[in-house]
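Worksheet for the structure shown next.
The values are calculated or read from the model by the stated rules, or taken from the named source; none is laboratory data. On a predicted model such as this, the values are computed, not experimentally measured, just so you know. Every residue, glycine among them, receives a Cβ derived from its backbone with ideal geometry; neighbour counts consider all protein chains shown. Surface areas here come from the heavy atoms of the whole protein model, side chains and all, with no ligands, DNA or RNA. Shrake-Rupley method; radii C 1.70, N 1.55, O 1.52, S 1.80 Å.
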Amino acid sequence: MLRSAAPYLAYAYMTFVGWTTRWRVLAGEHRAGLRRRGQRCLLAFWHQRQVFFTYTHRGAGAKVLVSRSRDGEIIARVMELSGIQTARGSSSRGFTAALKEMVRTVSEGLDIGITPDGPKGPAREVKDGAVFLAQKLGIPILPITNSLTNKLVFGRSWDKFQLPLPFGRGIVRYGAPIVVGPSDDVAAKAAEVKAALDAITEAADREVLLEPPLAEALLARSVAWCSTLVAPAAALAFAVKVCLSPRRKLLRSLPEEWAERTGRPGAGALRPLRGRPALWVHAASVGEVAAAQDLIAGIRALPGSPAVVVTCATAAGRERARTLAGVDAALLAPLDSLPTVRSFLRAVRPYGLLLLETELWPAMIELSFREGVRIGMANGRLSPRSFAAYRCFAGLTAPFLRRIERLAVQTEADAARFAALGAPAGRVRVCGNTKFDLVRLPAVLGQAREALARLGWQDCPILVAGSTHPVEEEAVVAAFREARRERPTLRLVLAPRHVERSRDAAAMLARAGVRFVLWSSMGLGASAAGGPSAGLEGCECLVVDAMGILSSWYALGTVCVVGGTLVPVGGHNLLEPASHGKAVVFGPHTFHTDDTARALEKSGGGVRVGGPDGLGPAVRGLLADPGHAAQAGARALETLRSLQGAIERTMAHLGPCLDASRL
């Protein structure tokens, strides 16, 4: 009676323990990658830890080889109750019949589960039969293990059998697939499988002790649920705000973007990922994407050439990502809710998540962590203003920072701020800003020179104002007019931060009586001969209404002003003009780029003004003394070079999160 009830009691106990254990799967990409390629495998796990293979692989498409012993009868019945198919046999008993059954299993599209040291040892020694089976079937061996904090160890059993106990934490860890070729030495491969199983078992035993305690796990899940509840309201509020702003035209594309926002990218967008490990890179917008381009190139050069999927919070960022070499898919980021992020993770199946700068989204981080996705941060930064805001909720922020394995931050101040919010100090390293490494000839410099010729500006000094915002543009025009009293040939290039605002900037120029032309209306492509083209005579201002053009004009400009600094936006890339050897003029609001601003001021490569009223005198001063302006530009370039090398340092620190071969 007891023996017949044993499978049911064991199944009930196993289910109870499974429900009360907090599980995480690590390196699951190894199995997911095989399944994407339609390849079956032999799942190898030590006999000592076989109990929870049954629970964690219910409905996972595997058939397990179970011995013909009396204990094997009970184990087979428990697995069948769990929905896992079994085949009976072992290397010492019923192997021929089992081999035939395994051939049928593979043809049915199922994986095979086996304990290579079963049924009776020696413990943790791989028998040749397991390798022979994989060799005959032509499938790789995939090592797998588990580890739990709460368990009972039977020290007198031949394998020190482990019985899981409830209310603990658990890790399931996969190893890299081991291919067994037709001519490979079976004994050598058995030793390789043993080494792999021992390595991932030891790793899992270490990692399970680092799993967050129950209180922290519940807090993180609660915050993720709050984000889930808030996300729809926040999205609606943003849509209403855009409707009431000059940027309302952006909503026209909302229906086609909805699938990506809900974590359901089209199959066509993900086709380049097929059969390859994928790294998820998340950025806020255009600037963060641009700063990551060389980092992405470095990732693509890693062993295995992982596919790179970039998500952005804005459509402009997505479009910029699509132009980068090495990006296999560029998508809008899913809303930060558990259902949308879960849907995205199931569609992409990334092995790693790389957050750029300060993208701390609760649902994104929590679900990625629970799915075993390795999380890293590149170019991490926290401005004093952002730090003050996060510090108000430090208790809620800390669990998510502890889920990030490696943080590569820009400055010592950033490192101190992240540590104060709860990031483990040993995981944070100052690596610098990858934007500083992006010194190269602009791709459209030839078109900018053509525009210069068509406008007849070849011999004119040029004031370039980039990444400008409302109010700043009026200040720039006022400074331009002020400087023209002394330099009548001065010309203006105005590049609003958001391209869709170019028409508003143009309307402001028209009201101010400044003659202008839009970059998009110039029809560039044929070289200009002689003087200015017809209709462009006397044009005083060029409005840049396209992406990727500004850097070329910084290269051709005489005086360069960086926007987002005269109004409390926090500043944009101050070193982009410096990369072309130009002095940088900026305002007082540099809380997003404070270290860069101070470095430029200290070296004499930057000119900080107290506000919009100070812009005119600063521009006039640089125009009046070309020698001083050239020296300031040279110092700005030296400042940039002293800050470079961030990409190499970032790659070295984030290696375990980026390299698919290290899973």
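Quick one: ALA195 ticks every box in (1) among the aliphatic types (A, V, I, L, M); (2) touching a residue at least 24 places away in the same chain (Cβ under 8 Å); (3) closer than 24 Å to LEU26 by Cβ; (4) open to solvent by 30 Å² or more (accessible area, probe 1.4 Å) bar one, so which box is it?
(2)
Can you pull out the residues in region 459-473 that are open to solvent by 60 Å² or more (accessible area, probe 1.4 Å) and touching a residue at least 40 places away in the same chain (Cβ under 8 Å)?
Correct list: PRO470, VAL471.
What's the number of the condition GLU359 fails, among (1) at pLDDT 95 or above; (2) within 27 Å of PHE591 (Cα to Cα)?
For GLU359, the exception is condition (1).
So, in region 299-308, of the ones that are more than 14 Å from the chain's Cα centre (by Cα) and closer than 17 Å to ALA652 by Cβ, which residue ends up surrounded by the most Cβ atoms within 10 Å (Cβ to Cβ)?
Among residues in region 299-308 that are more than 14 Å from the chain's Cα centre (by Cα) and closer than 17 Å to ALA652 by Cβ, the one surrounded by the most Cβ atoms within 10 Å (Cβ to Cβ) is LEU302.
Search region 263-292 for residues being among the basic types (Lys, Arg) and assigned to a loop (DSSP other than H, G, I, E, B), and hand back the single one that is surrounded by the most Cβ atoms within 10 Å (Cβ to Cβ).
That would be ARG276.
Tally up the residues in region 337-365 that are out of contact with any strand residue (DSSP E or B) (no Cβ under 9 Å at 6 or more places or on another chain) and buried (at least 24 other Cβ atoms within 10 Å of the Cβ), please.
4
Quick grid of which residues meet (1) over 25 Å from VAL584 (Cα atoms); (2) open to solvent by 60 Å² or more (accessible area, probe 1.4 Å); (3) modelled with pLDDT of 85 or more; (4) in contact with a His (Cβ under 7 Å, 6 or more places away or on another chain):
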| residue | (1), (2), (3), (4) |
| --- | --- |
| ALA505 | no, no, yes, no |
| ARG511 | yes, yes, yes, no |
| VAL514 | no, no, yes, no |
| LEU524 | yes, no, no, no |
| CYS541 | no, no, yes, no |
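So which residues in region 321-338 are in contact (Cβ under 8 Å) with a residue 60 or more places away in the chain, within 13 Å of the chain's Cα centre (by Cα) and more than 24 Å from LEU236 (Cα to Cα)?
ALA329
Collect the residues in region 629-648 that are of a type in the set (D, E, K, R) and under 14 Å from LYS435 (Cβ atoms), keeping them in residue-number order.
Residue satisfying the conditions is ARG641 alone.
Could you go through region 355-373 and let me know if any residue there is in contact with a Pro (Cβ under 6 Å, 6 or more places away or on another chain) and over 23 Å from LEU219 (Cβ atoms).
Within region 355-373, not a single residue is in contact with a Pro (Cβ under 6 Å, 6 or more places away or on another chain) and over 23 Å from LEU219 (Cβ atoms).
Counting only residues that are at pLDDT 85 or above, outside any loop (DSSP other than H, G, I, E, B) and surrounded by fewer than 22 Cβ atoms within 10 Å (Cβ to Cβ), how many does region 32-42 have?
Adding up the residues that qualify gives 1.
May I ask you to verify whether THR639 is under 21 Å from GLU288 (Cβ atoms), among the polar types (S, T, N, Q) and in contact (Cβ under 8 Å) with a residue 60 or more places away in the chain?
No.
Just to be sure, is LEU396 part of a loop (DSSP other than H, G, I, E, B) and either farther than 22 Å from LEU658 by Cβ or free of Cβ contacts under 8 Å to residues at least 40 places away in the same chain (or both)?
no
Looking at (1) out of contact with any Ser or Thr (no Cβ under 8 Å at 6 or more places or on another chain); (2) open to solvent by 10 Å² or more (accessible area, probe 1.4 Å); (3) modelled with pLDDT of 80 or more, which is the one condition that is false for ASN146?
(1) is the only condition that ASN146 fails.
Under 28 Å from the mean Cα position of the chain (by Cα), at pLDDT 90 or above and surrounded by fewer than 24 Cβ atoms within 10 Å (Cβ to Cβ), is that true of VAL569?
Answer is yes for this residue.
May I ask you to list pairs of residues, at least six apart or on different chains, whose Cβ atoms are under 8 Å apart, with the first in region 213-233 being among the hydrophobic types (A, V, I, L, M, F, W, C) and the second being in a helix (DSSP H, G or I) and open to solvent by 60 Å² or more (accessible area, probe 1.4 Å)?
LEU219/LEU396; VAL223/LEU396
Looking at ALA415, ALA388, which one is without any contact (Cβ under 8 Å) to a residue 60 or more places away in the chain, assigned to a helix (DSSP H, G or I), farther than 18 Å from MET364 by Cα and open to solvent by 40 Å² or more (accessible area, probe 1.4 Å)?
The unique qualifying residue is ALA388.
Within region 645-654, identify whether any single residue is open to solvent by 60 Å² or more (accessible area, probe 1.4 Å), closer than 24 Å to THR590 by Cα, in a helix (DSSP H, G or I) and of a type outside the set (Ser, Thr, Tyr), and answer yes or no.
Within region 645-654 (the criterion being open to solvent by 60 Å² or more (accessible area, probe 1.4 Å), closer than 24 Å to THR590 by Cα, in a helix (DSSP H, G or I) and of a type outside the set (Ser, Thr, Tyr)), the answer is no, since none of the residues qualifies.
Kindly list the number of the only condition in (1) in contact with a Lys or Arg (Cβ under 9 Å, 6 or more places away or on another chain); (2) farther than 30 Å from GLN39 by Cα; (3) in contact (Cβ under 8 Å) with a residue 12 or more places away in the chain that fails for VAL153.
Checking VAL153 against (1) in contact with a Lys or Arg (Cβ under 9 Å, 6 or more places away or on another chain); (2) farther than 30 Å from GLN39 by Cα; (3) in contact (Cβ under 8 Å) with a residue 12 or more places away in the chain, the one that fails is (3).
State which residue is farthest from VAL25 (Cα to Cα) when the search covers only region 181-192 and only residues that are free of Cβ contacts under 8 Å to residues at least 40 places away in the same chain and open to solvent by 60 Å² or more (accessible area, probe 1.4 Å).
SER183
I'd like the full set of residues that are crowded, with 24+ Cβ neighbours inside 10 Å and part of a strand (DSSP E or B), limited to region 309-329.
Residues satisfying the conditions are VAL309, VAL310, THR311, CYS312.
Just one of (1) modelled with pLDDT of 65 or more; (2) open to solvent by 80 Å² or more (accessible area, probe 1.4 Å) trips up ARG248, so point out which.
(1)
Does region 472-499 hold any residues that are part of a loop (DSSP other than H, G, I, E, B) and closer than 30 Å to GLU319 by Cβ, and which are they?
The answer is ARG497, HIS498.
So ALA597 ticks every box in (1) surrounded by 23 or more Cβ atoms within 10 Å (Cβ to Cβ); (2) assigned to a helix (DSSP H, G or I); (3) out of contact with any Leu (no Cβ under 8 Å at 6 or more places or on another chain) but one. Which box is left unticked?
The failed condition is (3).
Considering each residue of region 374-403, count those that are of a type in the set (Phe, Trp, Tyr) and under 16 Å from SER222 (Cβ atoms), and give that number.
2
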